[in-house]
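See structure below.
The values are calculated or read from the model by the stated rules, or taken from the named source; none is laboratory data. None of the values given here were measured: they were computed from a predicted structure. Backbone-built Cβ (ideal geometry, glycine too); neighbour counts: all protein chains shown. We work out accessible area using only protein heavy atoms, side chains counted, and drop any ligands, DNA or RNA first. Shrake-Rupley method; radii C 1.70, N 1.55, O 1.52, S 1.80 Å.
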Amino acid sequence: MRAVRIRAHGGPENLESVDVAVPAPQPGEVLVEVSAVALNNTDLWTREGAYGSPDDPQALSGWRGPVDFPRIQGADVAGTVVALGAGADPRLLGCRVVVDPAIYDAEGPHANPVGLMGSERDGGYAEYVTAPVERVHDMTRSPLTDDQLAALPTAYGTALGMIERGRLRKGETVLVSGASGGVGLASVQIAGARGARVLAISSGAKTDAVRAAGADEVLDRTGDLIGQVRAAAPGGIDVVLDVVAGRTVTDGLPLLREGGRWVVAGALGGYDVAFDVRRLYLHNTQVIGSSMHTPAHFALLMDMARRAEVRPVIAAAFPLDQAARAQEQLATRRHVGKIVLHP
């Protein structure tokens, strides 16, 4: 089969298109013929080795540690089950599916992700990929396209994980940073579907697209952002869904209401953050780290997708052999929505 893998940390030149054997599903696994695989910032950062380590923030590292090169990238897969390993449910054969890309630390609905397909195991930048049966979700009856289904796992899973961990409720006011990106746009859609009042931070050129996704107000990140938030929510913010961090946390933490929750799932604006800790304990506020989703979160997301309660926006599609070009476009951050590859 054709596949695209990384041979070392570095730039797009480290992506190589190769012919490799079709993987054989092991006991408890299925073989999925990939119809679409979506790109994520995790693809860029895994290739670059940008995750650091607990004892060395500058260390070259994959999502949760050293990468076993060469590694086929791609966490977000939609496709069709074409073969079964021993013990796999025969009813899955021929089903259109989405793969939960997380590798969990335990069994059960509330396990934590400690690895990711495309980083800790081979992913979907390929014509075929294997997946454990328990991570495969039958989406045959979903009205979403294969491209839209492929856009769900990492971005929408991360967004739903943030929303669940932040305990966002109907009627609350939520602030979404990086709202035109994959996780940001997903956060806007899901928070709006939950009945929250959504304030979204984006650039002026992308305002209409973010508003169309369900934002009640779009705030221009190039202006006086704190002033805009105070004007839009004079009573304060209940929940912040943040993929930017950096100065956004430092400057924005006082915007939380009593008992507010600031949920962080990314560091586009910088990982070295300082803030006044008194704003936490004097106001019973919380800063919550959120890494992807739990199995329960992902199952909830799949139910939403079966009912088309979320509809991912597809910004562009590329053939698999143009993966480097697709990653370069992703890195420009000029698009709105998701970029997908077609094997």
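Go over the candidates V244, V229, V287 one by one and state the one that is within 23 Å of R194 (Cβ to Cβ) and touching a Ser or Thr at 6+ places or on another chain (Cβ under 8 Å). Break it down stepwise before answering.
Details: V229 fails: touching a Ser or Thr at 6+ places or on another chain (Cβ under 8 Å); V287 fails: touching a Ser or Thr at 6+ places or on another chain (Cβ under 8 Å).
Answer to the selection: V244.
With respect to T130, determine if the residue is surrounded by 19 or more Cβ atoms within 10 Å (Cβ to Cβ), among the β-branched types (V, I, T) and out of contact with any His (no Cβ under 9 Å at 6 or more places or on another chain).
yes
Which is buried (at least 18 other Cβ atoms within 10 Å of the Cβ) and basic (K, R), of R71, R64?
Going through R71, R64 in turn, the sole match is R71.
Could you please find all residues in segment 303-321 being over 22 Å from P343 (Cβ atoms) and either of a type outside the set (D, E) or crowded, with 18+ Cβ neighbours inside 10 Å (or both)?
Scanning segment 303-321 gives M304, R306, R307, A308, V310, R311.
For segment 46-53, does any single residue satisfy the condition of being at pLDDT below 95 and of a type in the set (K, R)?
No, every residue in segment 46-53 fails to be at pLDDT below 95 and of a type in the set (K, R).
Tally up the residues in segment 178-203 that are under 16 Å from G260 (Cα atoms) and either among the aromatic types (F, W, Y) or within 18 Å of the chain's Cα centre (by Cα) (or both), please.
Of the residues in segment 178-203, 1 are under 16 Å from G260 (Cα atoms) and either among the aromatic types (F, W, Y) or within 18 Å of the chain's Cα centre (by Cα) (or both).
Pick from L300, L330: which is in contact with a strand residue (DSSP E or B) (Cβ under 9 Å, 6 or more places away or on another chain), assigned to a helix (DSSP H, G or I) and either over 25 Å from N112 (Cα atoms) or modelled with pLDDT of 95 or more (or both)?
It is L330.
Are any residues in segment 133-153 under 24 Å from L320 (Cβ atoms), open to solvent by 10 Å² or more (accessible area, probe 1.4 Å) and not in a loop (DSSP other than H, G, I, E, B), and if so, which ones?
R135, V136, H137, D146, D147, Q148
Within the set of pairs 6+ apart or on separate chains, which have a first residue in segment 246-263 that is on the phi < 0 side of the Ramachandran plot, a second that is of a type in the set (S, T, Y) and assigned to a strand (DSSP E or B), and C-beta atoms under 9 Å apart?
Between residues of segment 246-263 that are on the phi < 0 side of the Ramachandran plot and residues that are of a type in the set (S, T, Y) and assigned to a strand (DSSP E or B), the close pairs are R257/T173.
Looking at segment 173-195, I want the residues that are surrounded by fewer than 24 Cβ atoms within 10 Å (Cβ to Cβ) and have a partner that is of a type in the set (K, R) with Cβ atoms under 7 Å, at least 6 apart or on another chain. Which pairs are those?
Pairs found: T173/R197; R194/K170; G195/K170.
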